Amino acid sequence: MKFASYSHQGSKHLGVVDVTGQSVRPIAGAIDMVDLIARYETLKPQLASDAPGHALAEVRLHAPIEVPRRNIICVGKNYGEHAKEFSRSGFEAGAVKGAEIDDYPAVFSKGPNTVVGPYDDVKLHSHITSSVDYEVELAVIIGKGGRDIAKADAYKHVFGYTVVNDVTARDRQKNHKQWFLGKTLDTFCPMGPWIVTSDELDPENLDVKCWVNDELRQNANTSDLIFDIPTLIATISAGMALVPGDIIATGTPAGVGIGFTPPKFLKAGDVVAMEISNIGRIENKFVA
Ligand code: MG
C-alpha cells in the first residue's frame, strides 16, 4: 500500500494512494502517520475499506511523516563513487586520499524542522551559506521498534520506504568539521511523495535518480549501497532503540553538485526532481 499525508479543501487527511486510479482515499482512526505506523496491525482492517477518494490532482501532498518524533537518521558516504567525489571535492573535513571508503557507516542526523513536502519550496539561506547541494536518497521507515536488531531480523522492522532530498550546505559541513549544522537548516529535507509499504518493493534493486532543471545529475541503483539496509539497521539500533516512525536516509550516489569542477551549487529558481523506482517522484523549487 501507499500511504500519504495530504490536504483537500483545507482539511488534512491520511490516505491510501491508488496510483493507477490517480486518487487518494482518506482513512480515519490515526492521529498522524507515526500513529498509523505504530498501530498498523490494529488499524489494518479499516484501512482496507472502500471509501470514495479524492483525485490526486486536487490534493496537496505533505511529507508523509510531516512531524517526525525524532531526528532523521542519515548515512553518509554509502555509495563508492559518491564517497570518492566527496573526498576529492575539498569539502570533506579530514579527507584522506586512498581511504574514501569507510570500514563503518558514517551516521549523522537532521532535525524534524528540516522536513517539507514533496512539492514544497526549499530555502537557500543565502545569508549563511553559498553552497547548497542536493542528495537523492532512499529512506527506510521503521515499523516495529527494537534495540540491538540482528541483521537477519532487520527487514521485519521496516514499515516502508520513501524518497528524501538530504539537502546540504557544503560550506557549513566543511567549516564546522561535522555534518549536523550543514544538514539541519529549515526546509532541508523534502520528503515523499508517500510511503510505500515494504511488501510492495525490493529495496535492494531500486533505480535512484535526480535531475536539476531537467538535467540528469544522479543515476544509480540501491544494489550499489556499500552498507546495505540490514547492516544500517543493526548498526544504528545497537544500544539505541529504534521506534515506529523513525526515518533512516540510506545515503546518496555520485553526481551531487560538489562532484563537478567547478561545483554546481543550487541557486534561486532551480528545480530539483528526484525519483526512485516503485516509489515515486518529488520536485522542489529552491528559493531565496
Ligand atoms: Mg546524504
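Readers should treat all values here as calculations from the given coordinates under stated rules, not as data from a laboratory. Because the structure is a prediction, the values reported are computed rather than measured.
Some observations on this one:
- Euclidean distance between Cα centres, region 242-286 to region 138-214, Å: 10
- Taking all C-alpha pairs of region 2-62, those more than 15 Å from each other amount to 44 percent.
- Relative contact order (%) - criterion: Cα under 8 Å, at least six apart; region: region 2-62: 40
- Over region 1-107, the Kirkwood radius and the radius of gyration, each from Cα atoms, give a ratio Rg/Rh of 1.20.
- For the chain, built as a Gaussian network whose Cα springs stay under 10 Å, the top-fluctuating residue of LYS144, LYS12, LYS183: LYS12
- CD proxy at 222 nm, helix term only [per DSSP H run n ≥ 4: -39500 (n - 2.57); per residue of the chain; nearest 500]: -3500 deg cm²/dmol
- Shape call, region 68-166: gyration tensor on alpha carbons, a/c limit 1.5: oblate
- For TRP194, residues with placed amide H under 5 Å, excluding near neighbours: VAL163
- Here the chain is described by how far its Cα atoms reach on the three principal axes: 56, 44, 29 Å, from widest to narrowest.
- Cα-based Kirkwood hydrodynamic radius, region 225-272, one decimal, Å: 13.9
- When the listed pairs LYS84/LYS110; LYS44/LYS123; LYS2/LYS151; LYS183/LYS209 are checked against a 29 Å cut-off, the alpha-carbon distance exceeds it for LYS44/LYS123.
- For the chain, modelled as a GNM whose springs connect Cα atoms under 10 angstrom apart, the maximal fluctuation among ASN71, ASN165, ASN175 occurs at ASN175.
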